[in-house]
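The values are calculated or read from the model by the stated rules, or taken from the named source; none is laboratory data. Nothing here was measured: the structure is a model prediction, and the numbers come from that model. Here the Cβ is made from the backbone with ideal geometry for all residues, glycine too, and neighbour counts use every protein chain on show. The protein model used for the area step is the full one, side chains on, heavy atoms only, and it has no ligands, DNA or RNA in it. Shrake-Rupley method; radii C 1.70, N 1.55, O 1.52, S 1.80 Å.
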Amino acid sequence: MAEPLLHVDNLGKRFGGFVALDGINLAVQPGERLGLIGPNGSGKSTLVNCMCGTLQNETGSVRFDGQIMDGLPANKRTHRGMARSFQLPRPFVTLSVAENLRIPLLFTAHSRGGRHLSKEETENRCHELAGLVGLAAKANKLPRDLTQVEMRKLELARAMAADPKLLIADEAMAGLSQSEVDEIVALLIKMNERGVTIIMIEHIMRAVMAFSQRLVVLVTGKKIADGPPQEVVGHPEVIGAYLGQ
Amino acid sequence: MSVELLINAIIAGLLLGGFYAAVTVGVSISFGILDIVNIAHPAFIILGSYIAYIVNQTLGVDPILTAIIVLPGFYALGMVVYQVYYQSFEKRGQDALRGLAFFFGLLFVTEVLLILVFGVDYRYVQAAYIEYTWHFGFMDIPFRMLIPCVMSLLMVGLLQLYLSRTFTGRAIMAVSQDQLALQLMAADPIKIKRTAFAISIATASLAGAFLIVIQPVEPSVGREYIGRVFAICVLGGLQSLPGTVIAAMLLGVVESLTATFSGPSWAPAVSFGFLLLTLAFRPAGLLGR
Amino acid sequence: MRAFYFYVSSILVGGLFFAFARWLGNDYLFFAGYTVLQFVVLATAWNILGGYCGYVNFGSAAFFAMGAYSSVALHKLAAGVDRYFPESLVGFAKLILPLNIPTLIIFGGIVSGLVGLGTGYLTLRLRGAFFAIATLALAVVLQTLIVNWDFVGGSRGAYIIRPGEVPILGSYIQYLFLVMLVLAVVALAAARIIEQSRLGYGFATIRDDEMAAEACGVPTLKLKLIATTMSGALMGMAGAPFPYYIGYLEPSSAFGLAYAVNSIAMPMIGGTTSWVGPLVGALLLGIIQQIATVTISSAINLLIVGLLLVGFVIVAPKGIIGLVQDFMRERASDKGQPTWRSRLAIFANMRPGAR
Ligand SMILES: Nc1ncnc2c1ncn2[C@@H]1O[C@H](COP(=O)(O)OP(=O)(O)OP(=O)(O)O)[C@@H](O)[C@H]1O
Ligand SMILES: [Mg+2]
């Protein structure tokens with residue numbers, strides 16, 4: 001097998017005495033579409049936070065694109081090509097939708113050997129991204145004028161704006177209508193076809209099954225299953241974890 | 001340097017530290033538990049000092065007794081301040097900048113008002129015990145330090161009991177950790193926070209009386225306490241009252257030693273330097289990880 | 001084009017005031033004008049960190065005083081060249097000392113900028129509230145250091161004998177006024193340039209949500225350090241000519257609470273999202289205070305500032321500029337055509353996001 005794009009090794013994280021992540025091992029191949037599921041509070045978002053440098057893990061290490069990420073601040077990891085959306089959208093509230101999308105373009109797009117985009121290119125790219133998630137008409141609105149669903153779309157588009165090698169979408173689709181979910185899944189698959197590796201965290205099983213090539217299940221901070229989606233959802237332990245709730 | 005001087009300095013420092021615990025406990029509640037950066041707390045303390053002073057001057061009532069009597073007034077004041085803070089800043093969302101400016105403005109306005117009314121002269125109170133000192137061999141224990149220290153430890157102890165044993169007390173502790181758990185306890189977080197903040201301001205009444213028993217007071221004395229209060233609060237681990245007492249004693253001793261051995265002109269730098277060092281190297285507190 | 005208008009109009013306004021005051025032949029106007037301009041610089045400097053990044057600096061007085069005391073130190077050095085320099089260097093030292101005001105300003109800027117960088121480095125990794133508290137502490141620690149440093153006069157203070165005359169202008173205070181005028185324009189220009197640049201966007205993301213900013217690749221720590229350094233440096237530059245203005249500098253005047261309060265109150269009252277706010281706030285409060293010190297006591301003066309600060313943060317969190325913008329937006333949305341109000345709004349650099 002090729003060198004994995006992302007390699008998480010024995011990752012552990014506690015909050016006070018509470019063990020949120022307990023020795024997680026995970027390898028993601030370049031170009032993969034990975035689904036990450038688990039009951040509420042199982043540590044999915046915490047795993048993302050540790051991988052992306054938003055939180056500091058206590059044990060274990062994260063390797064991305066052949067480089068050790070441990071100790072690097074989140075912005076450096078984004079520069080290396082990891083981008084994520086937040087589960088609870090965190091837009092920049094005093095900046096318009098277009099300006100929100102401009103931030104990763106200004107601060108990240110040039111980071112991997114590229115050059116700074118020209119003013120015009122930046123503008124075009126902002127509007128293209130807003131269009132991709134259906135926010136073109138609201139490009140000049142402030143986040144407070146958006147609905148919760150539009151906020152999620154902005155969150156996803158902002159992560160995409162960083163032009164990542166690995167995109168992590170943390171529950172980007174909660175609350176969306178069926179057709180919108182299909183749209184976003186199609187969008188993510190299209191991105192993946194252009195070479196972006198994607199980790200999708202989702203509770204909407206229809207979207208997970210449509211999207212994932214591989215499925216990882218987290219329960220109370222432990223990885224309990226990892227494999228082809230059909231197999232994993234039939235796994236007795238996984239069924240137990242979900243029904244046992 | 002003589003051993004006697006050293007021991008006396010340490011005793012004075014511990015007594016001072018006990019008093020510092022009373023000064024800080026309000027901030028441990030407002031900043032540590034409620035996450036409200038009430039830098040105006042020292043101004044409320046000075047207000048307490050002046051009330052104790054006025055009553056002492058006009059009616060001759062003991063300052064600490066006065067403080068206990070006006071406690072409900074401070075409690076009410078605390079509720080009002082919290083209500084304004086909540087309506088104007090907390091409810092509108094994450095606007096830390098303006099909340100800080102608000103408290104800074106309060107600090108400043110209170111100080112200037114006191115200056116306008118009382119001028120910048122030092123004021124002091126009269127009470128029988130203030131002149132009295134115990135002597136054990138070479139050790140001196142002045143009552144003007146001992147009484148505030150004992151009363152203050154008593155107050156912190158009672159607060160600790162209140163926070164750990166009563167329903168409201170536990171709810172207050174829960175506010176800082178888990179809003180959801182609070183709702184499960186069927187408590188209204190705003191009401192709980194208002195109560196907690198009001199308690200924190202109420203402690204300022206007593207701390208103010210202690211202060212004016214220990215030393216003469218003028219309006220800008222309050223500012224010296226900002227550094228102390230936050231240094232102790234952070235060093236004590238923010239929300240732990242026992243931690244606050246330990247940190248307060250530590251700072252008291254350090255200050256007392258500096259004042260004894262290198263002169264009073266360096267004293268202001270001690271607490272603030274302490275604070276800077278704490279923030280730089282031990283932001284999780286003395287007992288924190 | 002807008003930049004051009006900005007420079008032309010600011011120089012025009014300053015120049016007109018200068019000509020008017022000279023024509024009246026009233027030196028008091030220059031003294032008062034200097035103080036107001038000094039507050040323009042302080043408020044603008046504070047706003048670079050406070051308004052743009054959302055980090056409150058309570059220690060403006062400390063940065064201002066460090067600038068002032070760096071001038072005092074250099075002044076003392078110049079006065080005692082023979083004592084402080086080894087013989088071989090005396091000739092050289094006499095050649096460059098005493099330094100002129102613009103050089104002192106640069107020195108003051110460097111000293112205070114470094115103090116800002118140091119404070120930021122120690123505390124900016126922590127939550128914003130800790131930074132604010134640290135700056136409060138910083139002011140007291142630095143004041144104690146100065147009080148105990150005899151070379152710059154210690155607690156007794158230091159006399160600075162300023163030259164009575166300068167070439168061309170004649171009066172020294174007029175010279176100082178012009179220097180401060182240039183400094184104010186420089187500070188405003190810096191704030192303007194930041195606002196419209198990548199740096200300004202980075203600052204705004206820090207103010208809004210640091211965690212999200214990091215995730216978008218914004219190097220928040222680095223930007224915050226840039227902001228504290230710039231803000232501190234500008235405050236130090238405002239302080240550097242101060243000993244020459246006041247003639248006798250003591251720690252309690254250099255570290256005066258009035259500086260800390262005004263440099264917060266002015267941007268807060270004017271409005272923090274653009275460079276216009278601190279300018280408006282500083283002019284307004286500065287002029288009120290200049291008039292008020294003549295007529296009423298300085299304590300009442302400060303009380304007014306404090307009450308205005310508290311009132312504004314509660315009632316009008318966006319400041320005067322915010323109020324004006326809301327008013328203009330209402331009017332502008334009536335008709336589709338640009339009006340003088342909407343033009344003014346554009347001149348006031350109303351970014352789509354800045355509200
Ligand atoms: N900052 C924090 N402090 C303390 N506990 C935390 C913190 N963040 C998360 N936790 C706890 O860690 C556990 C895992 O949380 P996490 O958000 O990773 O779950 P999740 O799998 O993303 O759940 P969900 O599906 O609801 O998003 C939860 O029990 C949560 O309460
Ligand atoms: Mg989650």
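Does any residue of region C:297-323 lose at least 10 Å² of accessible area with all protein chains in place compared with its chain alone, and if so which ones (probe 1.4 Å)?
C:Ala299, C:Ile300, C:Leu302, C:Leu303, C:Gly306, C:Leu307, C:Leu309, C:Val310, C:Val313, C:Ile314, C:Pro317
Apply 1/(1 + (r/R0)^6) to the Cβ-Cβ distance of C:Ile161 and C:Leu307, taking R0 = 51 Å, and write down the FRET efficiency to the nearest 0.05.
Here the calculated transfer efficiency is 0.85.
Loop-only trypsin sites (Lys or Arg not before Pro) in region A:144-198, please: DSSP not H, G, I, E or B, and at most 11 other Cβ atoms within 10 Å. Intermediate values should be presented prior to the final figure.
Values: sites: A:Arg144, A:Arg152, A:Lys153, A:Arg158, A:Lys165, A:Lys190, A:Arg194; in loops: A:Lys165, A:Arg194.
Here the sparse-neighbourhood loop sites are A:Arg194.
For chain A, report the translational diffusion coefficient in µm²/s to the nearest whole number, using Stokes-Einstein at 25 °C, 0.890 mPa s, and a Kirkwood Rh over Cα pairs.
Values: Rh = 18.4 Å.
The estimated diffusion coefficient comes to 133 µm²/s.
Ignoring ligands, DNA and RNA, what accessible area per residue does the protein assembly as shown give at 1.4 Å, in Å²? Let's see the in-between values first.
Values: 36280 Å² over 889 residues.
Dividing the accessible area of the protein assembly as shown by its residue count gives 41 Å².
Identify which of C:Thr272, C:Thr295, C:Thr119 has the largest mean-square fluctuation in a Gaussian network model of chain C, with springs joining Cα atoms closer than 10 Å.
Of C:Thr272, C:Thr295, C:Thr119, the most mobile in the Gaussian network model is C:Thr295.
Among DSSP beta bridges whose residues both lie in the protein assembly as shown, state the antiparallel percentage, nearest 5.
Working: 28 of 45 bridges.
Just about 60 percent of them are antiparallel.
What FRET efficiency, computed as 1/(1 + (r/R0)^6) with R0 = 60 Å and r the Cβ-Cβ distance, is obtained for B:Val3 and A:Ile68, rounded to the nearest 0.05?
Values: r = 55 Å, r/R0 = 0.92.
Computed FRET efficiency for B:Val3 and A:Ile68: 0.65.
I'd like the residues of region B:74-106 whose 1.4 Å-probe accessible area shrinks by no less than 50 Å² going from the isolated chain to the full set of protein chains.
B:Arg92, B:Leu97, B:Arg98, B:Leu100, B:Ala101, B:Phe104
Just the Cα atoms of the protein assembly as shown: what Rg and Dmax do they give in Å?
30.1, 94
Which distance in nm do the two modelled labels at C:Ile106 and A:Arg112 give, with both placed 7 Å along the Cα-to-Cβ direction?
Between C:Ile106 and A:Arg112, the simple spin-label model gives 4.4 nm.
In terms of Cα to Cα distance under 27 Å, which lysines are near enough to A:Lys222, apart from those fewer than 8 places away along the same chain?
Excluding near neighbours in sequence, the set is A:Lys13, A:Lys44, A:Lys165.
At a probe of 1.4 Å, how much accessible area disappears from chains A and C on forming the pair, both sides counted, to the nearest 100 Å²? Display every interim value, and only then the final one.
Numbers: alone 11390 and 17170 Å², together 26330 Å².
That pair of chains buries around 2200 Å² in total.
So which residues of region A:81-97 lose at least 30 Å² of accessible area, probe 1.4 Å, when you go from the chain by itself to every protein chain present?
A:Phe86, A:Arg90, A:Phe92, A:Thr94, A:Leu95
Counting every Cα pair in region C:1-117, what percent are over 23 Å apart?
Details: 3594 of 6786 pairs.
When all Cα pairs of region C:1-117 are counted, 53 percent exceed 23 Å.
Which lysines, if any, have their Cα less than 26 Å from the Cα of C:Lys224, not counting same-chain residues under 8 positions apart?
Partners found: A:Lys76, A:Lys119, C:Lys318.
Please find the FRET efficiency linking A:His127 to C:Met211, where r is the Cβ-Cβ separation and R0 is fixed at 25 Å, and quote it to the nearest 0.05. Kindly include the intermediate steps, with their values, before the conclusion.
Details: r = 26 Å, r/R0 = 1.05.
Result of the calculation: an efficiency of 0.45.
Quick one: Debye curve from the alpha-carbon atoms of chain C only, equal weights, vacuum; give me log10 I(q)/I(0) at q = 0.08, 0.09, 0.10, 0.12 Å⁻¹ to two decimals.
-0.40, -0.51, -0.63, -0.90
At 0.36 nm per residue, minus the direct Cα-Cα distance, what do C:Thr293 and C:Ala3 gain on full extension? Give it in nm, one decimal, please.
On the way: separation 290, 0.36 × 290 = 104.40 nm, distance 3.56 nm.
Taking 0.36 nm per residue and subtracting the Cα distance, the gain is 100.8 nm.
Find me the longest stretch of chain B that has none of the exposed chymotrypsin sites (Phe, Trp or Tyr not before Pro), where exposed means in a DSSP loop (not H, G, I, E or B) with at most 14 other Cβ atoms within 10 Å.
Details: sites that count: B:Tyr122, B:Tyr132, B:Phe138.
The longest such stretch corresponds to B:139-289.
Compute the Cα gyration tensor for chain B, then decide on rounded, prolate or oblate, letting a ≥ b ≥ c be the square roots of its eigenvalues: rounded whenever a/c is under 1.5, prolate when a/b is larger than b/c in the other cases, and oblate in all that remain. The partial results should precede the final answer.
Details: a/c = 1.64, a/b = 1.37, b/c = 1.20.
Prolate.
So how tilted is helix B:41-59 from the main axis of chain B? Cα-based, degrees 0 to 90, rounded to 10.
On a 0 to 90 degree scale, this one is about 60.
Any idea how far the Cα center of region C:138-186 sits from the one of region A:117-166, in Å?
Between the Cα centres of region C:138-186 and region A:117-166 lies a distance of 51 Å.
Once label points are set 7 Å from the Cα along Cα→Cβ at both C:Val186 and B:Ala128, what is their separation, rounded to one decimal in nm?
Placing both labels 7 Å along Cα→Cβ, they lie 6.8 nm apart.
Beta carbons within 10 angstrom, averaged per residue: use that to sort the peptides C:237-249, A:85-97, highest first. Walk me through the numbers before you get to the answer.
On the way: C:237-249: 24.2, A:85-97: 21.6.
Going from most to least packed, we get C:237-249, A:85-97.
Could you please state how large a percent of the accessible area of the protein assembly as shown is carbon and sulfur, counting protein chains only and using a 1.4 Å probe?
65
In deg cm²/dmol and to the nearest 500, what is the mean residue ellipticity at 222 nm of the protein assembly as shown if only DSSP H runs of at least 4 residues count, each as -39500 (n - 2.57), divided by the residue total? Please list the in-between numbers first.
On the way: 38 runs with 573 residues, N = 889.
Per the formula, -21000 deg cm²/dmol.
Say each of A:Lys119 and C:Ala79 gets a label point 7 Å from the Cα, pointing the same way as Cα to Cβ; how far apart are those two points in nm?
For the pair A:Lys119/C:Ala79, the computed spacing is 5.2 nm.
Buried accessible area between B and C (1.4 Å probe, both chains summed, ligands and nucleic acids excluded), in Å² to the nearest 100?
For B against C, buried area totals roughly 3600 Å².
Which of the DSSP-defined H helices in chain C satisfy a minimum axial length of 20 Å, computed from C-alpha atoms, and a minimum mean Kyte-Doolittle hydropathy of -1.0?
Numbers: long enough: C:2-24 (33 Å, 1.25); C:27-53 (39 Å, 1.14); C:60-79 (29 Å, 1.03); C:101-123 (32 Å, 1.57); C:128-147 (29 Å, 2.30); C:172-195 (35 Å, 2.04); C:220-239 (28 Å, 0.95); C:276-295 (28 Å, 1.69); C:298-315 (25 Å, 2.71); C:319-334 (23 Å, -0.07).
Within chain C the helices that satisfy the rule are C:2-24, C:27-53, C:60-79, C:101-123, C:128-147, C:172-195, C:220-239, C:276-295, C:298-315, C:319-334.
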